[in-house]
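Chemist: Provided herewith is a single structure, encoded as structure tokens, for subsequent inquiry.
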Amino acid sequence: MKIGVLALQGDFAEHISTLRRLGVETVEVRLPGHLDDLNGLILPGGESTTIARLAVAFGLMEPLRDFGREKAIWGTCAGAIFLSKDAKRDQPLLGLMDITVQRNAFGRQVDSFEVDLDIPELKAATRTEAPYHAVFIRAPLIESVSGAAQPIATLPDGRIVAARQGKLLATSFHPELTPDTRFHEYFLSLAE
Ligand code: GLN
């Protein structure tokens, strides 16, 4: 199993260290050729406009789209925005997932928060019962899902914060910033 992490901007190092803790071979992806032989790819959190601008400059847009049509991709926060087909403003998007996101839906940096979520699909995939402690930092909301995309996690008030569409996964929050490795294990099961 070999997993790439898009390493243009954002917290790719945290994803890599979580994957290493799980004993997974990782590759920092900066150029199209780095996608060869990967089983899956993680798009980290950061600033979606910056990540997108760099992806355009490095000729990665079409190679990433081709990759996502076949293989597993997981976007966390800014990465989830980049995966979406609609961010309700003009910025380059991969458009792979049938989700509409609202950027910075919870306010500014100071409005960042943490909350325990009940995520049945995560619990089933990892055969665990504990709630999932999710960290939100200037997070997007997944305003709606359509087509083959399904919500997999919601806030207590019902707003969607994680979705899956086949092997594509989007989370508004940052599993790479907590010691809980279950989301990475869940993604590995999609990439297998
Ligand atoms: N607010 C950022 C954006 O819109 C995402 C923040 C994050 O990835 N933590 O791209």
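Chemist: Consider GLU121 against the criteria (1) in contact (Cβ under 8 Å) with a residue 60 or more places away in the chain; (2) loosely packed, with under 12 Cβ neighbours inside 10 Å; (3) not aliphatic (A, V, I, L, M): it satisfies all of them except one. Which criterion is unmet?
Modeler: Evaluating GLU121 over (1) in contact (Cβ under 8 Å) with a residue 60 or more places away in the chain; (2) loosely packed, with under 12 Cβ neighbours inside 10 Å; (3) not aliphatic (A, V, I, L, M) leaves (2) as the failure.
Chemist: For the stretch 26-88, which helices (runs of 4 or more DSSP H) that fit wholly inside it have 2 or more residues that are of a type in the set (D, E, K, R)?
Modeler: Passing ranges, in order: 61-70.
Chemist: Under 8 Å between Cβ atoms, which residue pairs at least 6 apart in sequence (or on different chains) link something in the stretch 93-117 that is farther than 16 Å from LEU155 by Cα with a partner that is among the small types (Gly, Ala, Ser) and surrounded by fewer than 18 Cβ atoms within 10 Å (Cβ to Cβ)?
Modeler: Sorted first by the residue in the stretch 93-117, then by its partner, the pairs are ASP98/SER146; ASP98/GLY147; ASP98/ALA148; ILE99/SER144; ILE99/SER146; THR100/SER144; THR100/SER146.
Chemist: Oh, and also: Which of the numbered conditions does ARG20 fail, given that it passes all the others? Conditions: (1) out of contact with any helix residue (DSSP H, G or I) (no Cβ under 9 Å at 6 or more places or on another chain); (2) more than 17 Å from SER189 (Cα to Cα).
Modeler: ARG20 satisfies every listed condition except (2).
Chemist: Here's another thing I want to ask about it. If we keep just the residues of the stretch 156-170 that are assigned to a strand (DSSP E or B) and not hydrophobic (A, V, I, L, M, F, W, C), which is most open to solvent (accessible area, probe 1.4 Å)?
Modeler: Only one residue fits best here, namely ARG164.
Chemist: Would you check if there is a residue in the stretch 118-130 being part of a strand (DSSP E or B), more than 12 Å from the ligand (Cβ to nearest atom) and under 28 Å from LYS2 (Cβ atoms)?
Modeler: no
Chemist: Output the number of residues of the stretch 93-110 satisfying the condition of being open to solvent by 60 Å² or more (accessible area, probe 1.4 Å) and away from the ligand (no atom under 11 Å from the Cβ).
Modeler: Residues in the stretch 93-110 being open to solvent by 60 Å² or more (accessible area, probe 1.4 Å) and away from the ligand (no atom under 11 Å from the Cβ): 1 in total.
Chemist: Another question, then. Checking SER146 against (1) under 13 Å from SER84 (Cα atoms); (2) polar (S, T, N, Q); (3) within 16 Å of the ligand (Cβ to nearest atom): exactly one of these is not met. Which one?
Modeler: Only one criterion in (1) under 13 Å from SER84 (Cα atoms); (2) polar (S, T, N, Q); (3) within 16 Å of the ligand (Cβ to nearest atom) is unmet by SER146, namely (3).
Condition check ((1) within 16 Å of the ligand (Cβ to nearest atom); (2) buried (at least 18 other Cβ atoms within 10 Å of the Cβ)) across all residues:
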{"residue": "ASN39", "(1), (2)": "no, no"}
{"residue": "GLU47", "(1), (2)": "yes, no"}
{"residue": "LEU64", "(1), (2)": "no, yes"}
{"residue": "ILE73", "(1), (2)": "yes, yes"}
{"residue": "GLN91", "(1), (2)": "yes, no"}
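Chemist: List pairs: first residue in the stretch 40-53 and over 12 Å from LEU19 (Cβ atoms) and among the charged types (D, E, K, R), second residue in a loop (DSSP other than H, G, I, E, B) and more than 8 Å from the ligand (Cβ to nearest atom) anywhere in the structure, Cβ distance under 7 angstrom, at least six positions apart or on different chains.
Modeler: Every condition considered, the pairs that remain are GLU47/GLN9.
The values are calculated or read from the model by the stated rules, or taken from the named source; none is laboratory data. Note that the structure is predicted; figures quoted are calculated from it, not measured. Positions of Cβ are generated from backbone atoms using ideal geometry, with glycine treated the same way; all protein chains shown enter the neighbour counts. Surface accessibility is based on the protein's heavy atoms, side chains included, excluding ligands, DNA and RNA. Shrake-Rupley method; radii C 1.70, N 1.55, O 1.52, S 1.80 Å.
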